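Each value in this text was obtained by applying a stated rule to the coordinates, not by laboratory testing. Since the structure is predicted, the reported quantities are computational estimates derived from the model, not experimental observations. Don't worry about glycine lacking a Cβ; one is built from the backbone with ideal geometry, like all the others, and counts go over all protein chains shown.
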Protein chains: 2
Amino acid sequence: MNATVRDVARKARVSAMTVSRVINGSASVRPETKRRVERAIAELDYVPNSVARGLMSSKTGTLGLIVPDIANPFFTMIVRGAETVARRAGYRLLLCNSENDLAFEREYVEEMISHRVEGLLIAPVGDKSKANLLPLIRREFPFVIIDRSIAGFDSDLVQADSVGGAKKLVSHLISIGHRRIAMITQPGDVSTGRDRSQGYREALEAAGIAIDPAIVIETPTADRDGGYRVMKQVLALDNRPTAVFAINNLTALGAIQVIREAGMVVPDDMGLACFDDVEHLAVLSPFLTVMNQPTETFGTVASMLLLDRIGGRVGDWPRRVILQADLIVRVSCGAKLQTPRHRSGPPDVHTQREAD
Amino acid sequence: MNATVRDVARKARVSAMTVSRVINGSASVRPETKRRVERAIAELDYVPNSVARGLMSSKTGTLGLIVPDIANPFFTMIVRGAETVARRAGYRLLLCNSENDLAFEREYVEEMISHRVEGLLIAPVGDKSKANLLPLIRREFPFVIIDRSIAGFDSDLVQADSVGGAKKLVSHLISIGHRRIAMITQPGDVSTGRDRSQGYREALEAAGIAIDPAIVIETPTADRDGGYRVMKQVLALDNRPTAVFAINNLTALGAIQVIREAGMVVPDDMGLACFDDVEHLAVLSPFLTVMNQPTETFGTVASMLLLDRIGGRVGDWPRRVILQADLIVRVSCGAKLQTPRHRSGPPDVHTQREAD
DNA sequence: GGCAGATCTGATAGCGATAACACCGCCTTC
DNA sequence: GAAGGCGGTGTTATCGCTATCAGATCTGCC
């Protein structure tokens, strides 16, 4: 069904090699021969088979990308960033949703090796992903880890300063009067959970506030459902906190649902702050106080690191890129904003960025 | 660097063919031989090369997916749906962002053919994409079109009932008292723009309202920026409309920005309704009246159609799946909701004001 | 015991593209 | 005029895997 170099060669009355040379411009071909070949290509509607090419050259022109969930806006932006850079470099992305499942992740890593992608971008499930990544190390397979570091594992990595960011965010909550602050966090084997919890503790300690383990609650899944469940527990506590620090935007949304269902108002009855802004949402309803991570940049930088590694343009040592997150103070935390409600000028109408 | 069947064969003291048989279980192998081979595979950390396999069998285990922009929540959900179904069937997705650019689209189609994906899912740029898709037809390449149909082009297709949906939405605006309704639309060579404009006209005609071309304004890009620009024009009109029908969620967000910057309030000063809900956003701020399309289902159904076609389980005739969109009435259109808006405690302060 | 048939295994030949080399003219160059 | 160079082209072998066929070994059965 599909024409091959040989078909083109026959039609143009040359050898397959000459056709290849015309396609790749890899050597000079007599203008008239070239024309004949080009005509044959057009007539046969010939498209080179990059699978065959990939077999010869072990260059498949593809990169693998494994994320827990593309539909999570956080990862969506990472995908977009990664895709943009990859495309410019002539690469396509093979997309995998690990669904935060270690077994899936393992399979995908193996499948990416099998597909002979030239490199792998991965936002791992957690510390236990280490075992899944060892095959990559063994093969000296180029890969870059995104967002979550893995304890005791050195590799190229792009992430945000979760400890610092959490500390800043919680310190802000403290600065506007909150003393009893709950945290919705993730199990300690996910670096973002671990780091943000640490930032939380550091902020409290710095303010001389005792840490109450009863109001630091873990959710196995950092999504809306998880936030919802944990917030239910928080509201059931005897000694209710006045504010909640949610590990990410989705858990915060779940928490808001619970708070509203309980007939309470954010921030009057309960302050709220979290990691990760939600694009678009900020336009319609500039409400959540967040630590905004440069998610798209995670993707672009990770791709760039990966391409460098594929191209052999870097040494063996792992490169860790730590990007800064921005504190965006809006109303959910209970801060009094100086700006009027309907100031003009896009994009973040009701947003005040901290000026430090 | 990577072990091959031959390496495994040598180590297990069998032929490459036998190794292949063990891997694929394609023929019976003596248990003891099998064990030797499996040990060799484990020791060499052998992973079969699916590129080579793909060359032999022309089965690459990949599908192509071309969308204008993964970061657009509408397409994100399509990607997720498509990925889920593809994965269950043992396929990976090769992701392409066409950026609504016909030239990019053309390249991507060719590249997908070159990569020998087994089928292609594509949300086309518009009617002009026809030329880009002809190579697929010529090769009888399996593909499914998503969201936007192409004038004069028959193929497998999944989309929503844009005409009916728009009619329903605009009729709703009329039913709650709006008589002068502007529309932010897309050029007529994109089916969603064409169809929704038609629904808009049908609704007006049914209500005996004359159509004023001056308040049906096109934006070349149906994104926030496009909505922003068009809404500026709308507000500059002498005879301002009382409501706006935006072709999708992003243009609606852009429109809201303009309205707010003008010191106006939705829906009191300007009603607003659009196609496409925004996940998460509805939780935080149930504000926008929308026609909600089952986006994830677009992806899953399209994948299913494609897999059927690849598997040769269907005839030649094209299948068109039209999914229903749901009208979700919230406050932005200006409808008086029966349930008190702040029944379980007010949502965030800003939407609260808009609801007054 | 011997033969048909089943079971197991190997050799060979591609899938489609291209690297490496060989070759043929023809032009320089001394 | 022989040696060398170079542009243009073809031949061969190979990437890693597997379809196909053929050979080897074993089994059951008369």
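Based on C-alpha coordinates, I'd like the Rg and Dmax of segment A:271-316, in Å.
16.5, 49
If we hang a label 7 Å off Cα along the beta carbon direction at A:V216, how far is it from the matching labels on the other copies, in nm, shortest first?
Taking the point 7 Å beyond Cα along Cα→Cβ, the inter-copy spacings are 6.1 nm.
Can you give the helix-only mean residue ellipticity at 222 nm for chain A, where every DSSP H stretch with n ≥ 4 adds -39500 (n - 2.57) and the sum goes over all residues, rounded to the nearest 500 deg cm²/dmol?
Numbers: 13 runs with 154 residues, N = 356.
Value at 222 nm, helices only, nearest 500: -13500 deg cm²/dmol.
How do B:241-250, A:165-174, B:115-124, B:315-324 rank on mean C-beta neighbours within 10 Å, highest first?
Details: B:241-250: 26.4, A:165-174: 22.8, B:115-124: 24.5, B:315-324: 12.3.
Answer by packing, highest mean first, reads B:241-250, B:115-124, A:165-174, B:315-324.
In angstroms, what radius of gyration and Dmax does segment A:194-322 have, counting Cα atoms only?
Rg, Dmax (Cα atoms, Å): 18.3, 59.
Can you give me the relative contact order of chain B as a percent, contacts being Cα pairs under 8 Å and 6 or more apart?
Values: 651 pairs, mean separation 57.2, N = 356.
It comes to 16 percent, rounded to a whole number.
Could you give the Stokes-Einstein D for chain A in µm² per second, using the C-alpha Kirkwood radius, 20 °C, 1.002 mPa s?
On the way: Rh = 22.9 Å.
Estimated via Stokes-Einstein, D reaches 94 µm²/s.
How large is Rg over Rh for the protein assembly as shown, taking Rg from the Cα atoms and Rh as the Kirkwood inverse mean of 1/r across Cα pairs? All intermediate terms of the calculation are to be shown ahead of the outcome.
Details: Rg = 27.9 Å, Rh = 27.8 Å.
My calculation puts Rg/Rh at 1.01.
Structure shown: which of A:K168/B:K336; B:K128/B:K336; A:K167/B:K232; A:K167/A:K232; B:K130/B:K168; B:K128/B:K168 lie over 32 Å apart, alpha-carbon to alpha-carbon? Intermediate results must be reported in sequence, preceding the final value.
Values: A:K168/B:K336 42 Å; B:K128/B:K336 42 Å; A:K167/B:K232 41 Å; A:K167/A:K232 25 Å; B:K130/B:K168 30 Å; B:K128/B:K168 28 Å.
From A:K168/B:K336; B:K128/B:K336; A:K167/B:K232; A:K167/A:K232; B:K130/B:K168; B:K128/B:K168, over 32 Å: A:K168/B:K336; B:K128/B:K336; A:K167/B:K232.
Give me the compactness ratio for segment B:3-120, meaning the Cα radius of gyration over 2.2 N^0.38 Å.
Details: Rg = 19.4 Å, N = 118, 2.2 N^0.38 = 13.5 Å.
Relative to the rule-of-thumb radius for its length, segment B:3-120 sits at 1.44.
What residues qualify as long-range amide H neighbours of B:F275, i.e. H under 5 Å apart, gap of 5 or more or another chain, H built at 1.01 Å from N?
Here the answer is B:A246, B:N248, B:N249, B:M291, since their amide H atoms fall under 5 Å of that of B:F275.
How big is segment A:51-106 along each principal axis, measuring the range of its Cα positions in Å and listing the largest first?
In descending order, the Cα extents are 36, 27, 10 Å.
Provide the net charge surrounding A:V144, with neighbours chosen by a C-beta distance below 13 Å and charges set as Lys +1, Arg +1, Asp -1, Glu -1. All intermediate terms of the calculation are to be shown ahead of the outcome.
Details: positive: A:R148, A:R309, A:R319, A:R320; negative: A:E118, A:D147, A:D154, A:D156, A:D308.
Neighbour charge sum, excluding A:V144 itself: -1.
Any idea what the dipole of segment A:37-121 comes to, in debye rounded to 20, about its Cα centre with Lys/Arg Cβ at +1 and Asp/Glu Cβ at -1? Don't jump to the answer; show the numbers that get you there.
Numbers: 9 positive and 12 negative charges, 92 e Å.
That gives segment A:37-121 a dipole magnitude of about 440 debye.
Could you go through segment B:261-273 in sequence order and give the Karplus-derived ³J(HN,Hα) for each residue, using 6.51 cos²θ - 1.76 cosθ + 1.60 with θ = phi - 60°, rounded to whole Hz, and x for Gly and Pro?
With coefficients 6.51, -1.76 and 1.60, one gets 4, 7, x, 9, 10, 8, x, 4, 8, 7, x, 8, 8 Hz.
Tell me the net charge near B:A182. Cut-off is 15 Å between Cβ atoms, B:A182 excluded, with +1 for each Lys or Arg and -1 for each Asp or Glu.
Once all neighbours under 15 Å are counted, the net charge is +3.
Report, as an integer, the average count of C-beta atoms from other chains found within 10 Å of each Cβ along B:276-283.
Details: counts 0, 0, 5, 6, 10, 9, 2, 8.
For peptide B:276-283, the averaged partner shielding equals 5.
To the nearest 20 Debye, how big is the dipole of chain B about its Cα centre, given +1 on the beta carbon of each Lys and Arg and -1 on that of each Asp and Glu? Walk me through the numbers before you get to the answer.
On the way: 44 positive and 42 negative charges, 355 e Å.
With only Lys, Arg, Asp and Glu charged at Cβ, the dipole is about 1700 debye.
Taking segment A:52-158 on its own, what percent of its Cα-Cα pair distances exceed 22 Å?
Details: 1446 of 5671 pairs.
In whole percent, the share of Cα-Cα pairs in segment A:52-158 beyond 22 Å is 25.
If I take all pairs of Cα atoms in segment A:124-230, what percentage of them are more than 17 Å from each other?
Here the long-distance tail beyond 17 Å is 59 percent of all Cα pairs in segment A:124-230.
Using the Karplus curve 6.51 cos²θ - 1.76 cosθ + 1.60 with θ = phi - 60°, what ³J(HN,Hα) values do you get for each residue of segment A:310-322, in whole Hz, with x for Gly and Pro?
Per-residue couplings from phi come out as 4, x, x, 8, 9, x, 6, 4, x, 10, 10, 9, 10 Hz.
Please report the antiparallel percentage of the DSSP beta bridges confined to the protein assembly as shown, to the nearest 5. Working shown, then result.
Working: 11 of 76 bridges.
Taking every DSSP beta bridge within the protein assembly as shown, about 15 percent pair in antiparallel fashion.
Along Cα-to-Cβ, 7 Å out, sits the label point; list in nm, shortest first, how far the one on A:D269 is from those in the other copies.
3.2
Any idea what diffusion coefficient segment A:136-189 gets from Stokes-Einstein, in µm²/s, Kirkwood Rh on alpha carbon pairs, 37 °C, 0.692 mPa s? Don't skip to the answer; put the middle values down first.
Details: Rh = 14.0 Å.
For these conditions, the coefficient is 234 µm²/s.
Hey, which aspartates and glutamates would be in cross-link range of B:K34, C-alpha to C-alpha under 17 Å, not counting anything within fewer than 8 residues on its own chain?
Partners within reach: B:D7, B:E43, B:D45.
Please average, across the residues of A:45-56, the number of beta carbons from any other chain that are within 10 Å of each residue's own beta carbon, and give a whole number.
6
Equivalent-ellipsoid semi-axes (√(5λ), Cα gyration tensor) for segment B:254-339, whole Å, largest first? Walk me through the intermediate numbers first.
Numbers: eigenvalues 294, 32, 25 Å².
They are 38, 13, 11 Å, listed largest first.
Mind grabbing the base-10 log of I(q)/I(0) for segment A:194-251 at q = 0.13, 0.21, 0.27, 0.31 Å⁻¹? Debye formula, identical points on the C-alpha positions, no solvent, two decimal places.
Values returned for q = 0.13, 0.21, 0.27, 0.31 Å⁻¹ are -0.34, -0.88, -1.26, -1.37.
If Lys and Arg each add +1 and Asp and Glu each add -1, what is the summed charge of the other residues whose beta carbon sits under 13 Å from the beta carbon of A:D316? Intermediate values should be presented prior to the final figure.
Numbers: positive: A:R309, A:R313, A:R319; negative: A:E140, A:D154, A:D156, A:D308.
Once positives and negatives cancel, what remains is -1.
Which ³J(HN,Hα) values in Hz, rounded to whole numbers, follow from the phi angles of segment A:128-133 under the Karplus curve 6.51 cos²θ - 1.76 cosθ + 1.60, where θ = phi - 60° and Gly and Pro get x?
5, 5, 3, 4, 5, 8
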